[in-house]
1. I need V321, V355 ordered by Cβ neighbour count within 10 Å, fewest first.
2. About its Cα centre, what dipole magnitude does segment 352-396 give when the only charges are +1 on Lys and Arg Cβ and -1 on Asp and Glu Cβ, stated in debye to the nearest 20?
3. Considering only DSSP beta bridges with both partners in the chain, what is the antiparallel share in %, to the nearest 5?
4. Can you sort D259, D46, D418 from fewest to most other Cβ atoms within 10 Å of each residue's own Cβ?
5. Loop only per DSSP, at most 16 neighbouring Cβ atoms within 10 Å: give me the trypsin sites (Lys or Arg not before Pro) in segment 194-237, ordered by residue number.
6. With r as the distance between the Cβ atoms of S444 and Y170 and R0 = 56 Å, compute the FRET efficiency 1/(1 + (r/R0)^6) and round to 0.05.
7. Report the one residue of T77, L266, F218 whose Cα lies farthest in the direction of the positive end of the charge dipole of the chain (charges on C-beta: Lys and Arg +1, Asp and Glu -1; origin at the Cα centre).
8. Eigenvalues of the Cα gyration tensor times 5, then square-rooted: what semi-axes does that give for segment 380-459, in whole angstrom, largest first?
Amino acid sequence: MFGKRVATRWGLRTALLWLAFVSLVVGATWAAADPQRPNILLIYTDDQGTLDMGCYGTSDLVTPNMDRLAREGIRFTQMYAPSAICSASRAGLLTGKVPPRAGVPANCSSQPGVPGMPGKEVTIAELLKQAGYATAHIGKWHLGYSPDTMPNAQGFDYSFGHMGGCIDNYSHFFYWNGPNRHDLWRNGTEVWYDGEYFLDLMVRECLEFIENHKDGPFFVYWAINMPHYPLQPRLAWRRRFSNLRMPRRDYAAFLATVDEAIGVVLNRLDEWGLRRRTLVLVQSDHGHSTEVRAFGGGGYAGPYRGAKGCLFEGGIRVPSVVSWPGVLPEGEVRDQMVTGCDWLPTFAKLCGVPVPKGVDGKDIWGVLLSKQAPSPHRFWYWRLGRGPNAQWAVRAGGWKLLGNPRDTSNRAPLSPDDKLFLVNLRTDPGEERNVANRHPEVVSRLLGIRNQVEAGIAAE
């Protein structure tokens, strides 16, 4: 009896010592991983439509890797792009400011030597460098083509990609003008990879940078230039979607090609044991294109009016999924209104660095953790372009007021009486009816918000 009692005590003591040892090891490992300072892989796709991921209920696409991130993380239903065009959206993302405040209300030039976003603006890369991050830009830039506005001057230790708005994915020549406008650069020096598929080059560069900085922390801004035109998917995916009609056929094949590349990088993060230490975000820069070069538009916005180039919902409401296994909830949906400008202050919180002055975005860490958390925004403001005829919009609660609206989806005509276009998104998510005449007090209130924001921009 006594022997059994001693053995029991000895076994209990051994178990407690073992548990203490395991706790110390796990604690040390967790501390080394530093869960509040994750590696960050920010994947920004180009011209991806509002509902163009399988996890948004679209049944004719193949996007298992984006869907995996939604399954292992969070999917947003009211994530808004900073703008409905490429450069302005990227400026808003990287600075946390509404694009006119960041000096980029419209697209930057794709002409070599022409500056873009002012160098005084503080980017996510510059912010994270303060916290000891290695930083890389891979892919599309479109925020300036002069030495002081190219990526290495905007906080990126490493840069590989094209500086203009779009390239042919095999020759790497600028797509709009030519034929003598080659556009592929590594750290400010022109490089040549004739005939190599640009997506393969991006994957290779992305993985090399991550492998070289596996001890972290690292920040990779992977600005994928797809499914933006030219529509150049892999042949296997063209065959897979041959049953669809153009332009959806090539768009779907291109998006599947992109998803496959994302999967390659995710799988390598798993192999290297980095997945639980890495926050991965996939988000579109704005809605799908309906331009001639995109064959009129293969993207899908569902019930939402608009597309790239306009401030109706289809132009600015974007697909967005974020995952950080073991830290963020998994398989959840967030319906709160948030914006691409919110990522800078959110990353600043995670990394323990102060948010620069003048930032419009808000920290959405609370939203990420809880579906009950309120949106941090009482209102949000967009302006696309310059001058009195520039498009603009204000959203406050369910109300949204558009000024000088355009509808690039051509879903319904706009009349001269629609210069101010008011909708209640809670009752009219498709923005079909202009109710400005019925609610002059709401128009006045939202105009006041717009004027207040513009006055602040003008005073800077």
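1. V355, V321
2. 120
3. Just about 50 percent of them are antiparallel.
4. Fewest-to-most Cβ neighbours within 10 Å comes out as D418, D259, D46.
5. For trypsin sites (Lys or Arg not before Pro) across segment 194-237 that sit outside H, G, I, E and B with at most 16 neighbouring Cβ atoms in 10 Å, the list reads K214.
6. 0.55
7. Toward the positive end, the furthest listed residue is T77.
8. Whole-Å semi-axes of the equivalent ellipsoid: 20, 16, 11.
Laboratory data are not the source of any read-out in this text; all were calculated from the coordinates shown. Bear in mind the structure is a predicted one, so any value in this text is a computation, not a measurement. All Cβ positions, glycine included, derive from the backbone under ideal geometry; neighbour counts span all protein chains shown.
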